[in-house]
1. Kindly indicate whether residue 85 is in a helix (DSSP H, G or I), under 16 Å from the mean Cα position of the chain (by Cα) and either at positive phi or outside the structural domain of residue 193 (by TED's automatic domain parsing) (or both).
2. Can you name the residue in the range 100-122 that is under 16 Å from the mean Cα position of the chain (by Cα) and free of Cβ contacts under 8 Å to residues at least 60 places away in the same chain and, of all such residues, is surrounded by the most Cβ atoms within 10 Å (Cβ to Cβ)?
3. Kindly indicate whether residue 138 is closer than 16 Å to residue 63 by Cα and in the same structural domain as residue 77 (by TED's automatic domain parsing).
């Protein structure tokens, strides 16, 4: 049995022994959310820095067959997880969403679709449609987690017309091809292997101040003294 923990970034409830237990389904509105006829398929455009909330990022969704865009504010860790998937970056160790997808595969669970069905008090409301060989299940999820999982499983992402009416905006002329940027990771968040690669590139590009900062971070991670260390040739 897998239960939600308050500190778990993946806000998903799964009970493999009691898939039909309503305690784990949340408010289902008689389980008809995924039968809404006006749901609209969305694509992920990318991640950019949030213009309205300091220290956060904006995940931008695009209406597949239309001109509306929907911005969703997400935290740094969620932005990093989504951006890494968009850039096809494989982390040295699995992130939370990678682990969750591995668990899906291990237990024969399929993520069939994500539905962003509401917007209340500045928060997007989303649900996952999951299935096994003999069960269908719908679960509440944070929208950022739902999208991170959808990107890793190629599951379609939908939004209701109500969500688009409340939060969608039309792009201006000349902005059609604009691509969002990947959030920048701090040096201390990188693995030693990633730091070594950045160090080599910095030295080759003669960016010696950056190289010194990277070397110091590597030393800190390895517990070595930072003084008197030579940079790689």
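The values are calculated or read from the model by the stated rules, or taken from the named source; none is laboratory data. All figures in this text were calculated on a predicted structure; none of them were measured in a lab. Because the Cβ atoms are built from the backbone with ideal geometry, glycine has one as well, and the counts that use them run over all protein chains shown.
1. Working: in a helix (DSSP H, G or I): yes; under 16 Å from the mean Cα position of the chain (by Cα): yes; either at positive phi or outside the structural domain of residue 193 (by TED's automatic domain parsing) (or both): yes.
The answer is yes for residue 85.
2. The initial filter retains those residues of the range 100-122 that are under 16 Å from the mean Cα position of the chain (by Cα), namely 100-102, 111, 113-116.
Now restrict to residues that are free of Cβ contacts under 8 Å to residues at least 60 places away in the same chain: 101-102, 111, 114.
Numbers: 101: 19, 102: 12, 111: 21, 114: 27.
Taking the candidates together, the pick is 114.
3. On the way: closer than 16 Å to residue 63 by Cα: no; in the same structural domain as residue 77 (by TED's automatic domain parsing): yes.
In short, no.
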